[in-house]
Every structure is written in structure tokens, then in C-alpha cells.
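Read-outs: derived from the displayed coordinates by stated rules, not from any lab. For clarity, every value in this text was computed on a predicted model and none was experimentally measured. Glycine gets a Cβ as well: all are built from the backbone with ideal geometry, and neighbour counts include every protein chain shown.
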Amino acid sequence: MKLLNKSEILSALSKHPIGRGTEATTYDAGRYVVRVPHTVKIDKAFRENLSNDTYNYQKVDNIHGRRNFGQPLYNLTDPKSGAVMLSVCKKVDGITTNDLVEEPLTTKQKSDAMAVAIEKMRIMASAPQKSYRRLVDDLNHLAGTNFTIDPCEGNMLINPTTGRFYIIDLRPVKNIRNVGDLILLLLTDIPDMPDNAEYFELEQKIVNKLMRAAQSCGLSVPEQLKLKPRALEVIKSEAARQLYKNNYQNIALHTHTK
Ligand SMILES: Nc1ncnc2c1ncn2[C@@H]1O[C@H](COP(=O)(O)OP(=O)(O)OP(=O)(O)O)[C@@H](O)[C@H]1O
Ligand SMILES: [Mg+2]
């Protein structure tokens with residue numbers, strides 16, 4: 001079952017993209033998104049091939065059930081090379097939890113980036129505890145798959161209305177990630193964050209909720225407990241760092257198998 005017809009795909013590609021990363025550009029297509037790798041040029045030949053059904057339809061196995069990682073549902077591939085020309089993916093309604101900041105920043109850019117980061121952290125800090133439990137549950141689910149998190153900016157979204165987190169942009173590699181990687185997805189990495197009392201307070205709230213969730217859910221495999229120094233580098237306040245360090249060792253491992 002193709003979820004979008006070719007005119008819906010063409011119409012999505014004619015609009016302004018909703019996101020652009022290092023690997024692909026993503027377009028809004030109503031209930032879904034269309035993701036086009038940067039290696040593919042959206043030119044006349046591409047549009048014609050799409051209209052003439054030249055590309056092969058390839059359904060992607062559903063291994064995530066009803067979870068939403070913005071994962072591809074099907075790909076259109078080039079019949080000759082087998083290369084993926086585009087993917088139709090689950091859509092996530094939300095805003096990125098953190099954004100890439102590229103130095104050097106002017107004073108104005110830095111204060112704008114900080115204001116945005118703080119606003120996003122207010123939303124994350126007030127997200128219900130249940131959202132954090134779902135996030136840890138997603139981490140547990142991924143440990144049992146051949147997919148891994150890419151803990152970089154833009155790879156987690158939050159729905160500001162529901163407070164629900166969505167990890168996106170999974171990598172098809174078996175590489176077990178830990179709660180520290182969730183911290184890298186949650187917290188901004190603005191360098192030399194100036195002393196900001198609210199920032200520190202929000203960071204503490206977020207780390208606290210995440211730690212509580214990890215303790216109440218437990219983790220499914222020991223690798224998820226491995227500490228990465230990078231996560232501690234990203235945490236700016238001493239209080240949040242202590243919270244992480246003190247609770248990290250207390251996170252239980254699942255004793256039962258699902
Ligand atoms: N399924 C989706 N639903 C909603 N927005 C999406 C979806 N996929 C991507 N986006 C938007 O597009 C942006 C870039 O997407 P994505 O991270 O998948 O691209 P990428 O090129 O793989 O990025 P990276 O630079 O991490 O390799 C995201 O930060 C997000 O804003
Ligand atoms: Mg990305």
C-alpha cells in the first residue's frame with residue numbers, strides 16, 4: 001500500500017523543506033514526510049521518473065510497531081543502482097529539542113540562541129514524567145533492534161502541546177546507547193553558556209525527570225548504563241551533574257525478558 005500518490009509526493013517536494021540535515025532534506029506531505037538524500041537531485045529527470053513510475057516501491061519492515069521515530073515506511077529506489085531516491089516516513093509533530101550552533105557566534109546570535117534554548121528547556125522541564133518514561137522505554141526498545149540513536153542536534157523533537165518526546169533519524173547499526181545519549185539529545189550544547197540561573201534550574205529539572213524515569217523503568221541491557229563523558233560535559237550546572245552521577249549507578253536493569 002503506497003501511502004502517498006505521486007502527485008502528493010511531487011507537491012510536497014515543490015514546497016519549502018521542513019528540515020535539512022547533513023544527509024537529507026525533509027518535506028512535509030500532510031500525514032507523512034518525504035525525505036530526499038542530498039545525493040539525489042530534484043530535477044526534471046527525477047520528476048519525470050517519479051511520474052512515469054520508473055522507481056521501484058520498496059516497503060520497509062515495521063519493526064517499531066506503533067512507535068514513532070519518524071522512520072521510513074517505504075522507499076522509492078532506482079531500478080539500476082538500487083539507490084534510495086526518496087523515503088516516505090512517519091511524521092512527527094514537534095519542534096527540535098536542541099539546535100546546532102555553529103561558532104563563531106556574534107553576541108546577538110548567542111543571546112538569541114540562548115533565549116531559544118531556554119524557551120525549549122521550559123517546555124521540556126514541564127513535560128510530564130510519563131513523557132520521560134516513554135523516552136526511556138524507547139531507548140529500551142531500540143536496544144533490542146538493529147537501530148541506534150544518533151545523539152546530535154535536531155535528532156529529537158518534542159510536541160509542545162503533549163510534552164511527548166520523539167527520537168528521530170535512527171541509524172541502521174547495532175550500537176547500544178545509554179541514558180547519557182538521551183541527555184545529549186535533550187540539552188543544548190551552546191558553548192560557554194554564560195551564568196544563567198534559570199538555565200541551571202531547568203537543566204536540573206530535566207535531568208531529574210530523566211533519572212527518575214530511568215530508575216522507574218529500568219534499563220534492558222547493561223550497555224545502556226555505560227557512562228559517556230560527553231554527556232557530563234554537556235550538563236552545565238554542578239547540581240545537575242551531581243544528580244546524574246549520584247543516580248546513574250542506581251538505575252536498575254530489567255530482570256525479566258520481554
Ligand atoms: N519524520 C519527521 N517528522 C517531522 N520532522 C522531521 C522528520 N524527519 C526530519 N524532520 C525534520 O528535518 C530535520 C532534519 O532531519 P534528519 O535529522 O532526519 O536529517 P539528517 O540529514 O539525517 O540529519 P543529520 O544532520 O542528523 O544527519 C529534523 O531536525 C526535523 O526538524
Ligand atoms: Mg538529523
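Structure summary
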read-out: Total charge dipole magnitude, the stretch 6-90, about the Cα centre, Cβ charges on Lys, Arg, Asp, Glu only, Debye to nearest 20; value: 220 debye
read-out: Debye intensity ratio in log₁₀ form over the Cα atoms of the stretch 6-90, taken at each q of 0.15, 0.17, 0.19, 0.20 Å⁻¹; value: -0.52, -0.67, -0.85, -0.94
read-out: Förster-model FRET efficiency, 25 Å R0, Lys59 and Ser14, C-beta, rounded to 0.05; value: 0.50
read-out: Whole-Hz couplings from phi, Karplus 6.51/-1.76/1.60, listed for the stretch 217-222; x for Gly and Pro; value: 8, x, 10, 8, 9, x
read-out: Along each principal axis, Cα extent of the chain, largest first, Å; value: 60, 52, 30
read-out: Residue pairs, from the table Lys110/Lys209; Lys130/Lys245; Lys120/Lys209; Lys108/Lys205, whose Cα atoms sit over 24 Å apart; value: Lys110/Lys209; Lys108/Lys205
read-out: Other-chain or far-sequence residues with amide H under 5 Å of Leu219's (modelled H); value: Ala252, Leu253, His254
read-out: Dipole magnitude (debye, nearest 20) for the stretch 9-162, charges at Cβ of Lys, Arg, Asp, Glu; value: 440 debye
read-out: Choice from Phe69, Phe46, Phe147 showing the highest fluctuation, given a GNM over the chain with Cα pairs closer than 10 Å; value: Phe46
read-out: Amide hydrogen neighbours beyond the local backbone of Tyr74, cut-off 5 Å, H modeled; value: Val60, Val88
read-out: Label point 7 Å beyond Cα of Ser111 along Cβ direction - residues of the stretch 198-215 with amide nitrogen under 20 Å; value: 198-200
read-out: Charged-residue dipole, Cβ positions (Lys, Arg, Asp, Glu), the chain about Cα centre, Debye nearest 20; value: 920 debye
read-out: Kirkwood-type radius of the stretch 112-161, with distances r between different C-alpha atoms, in Å; value: 12.6 Å
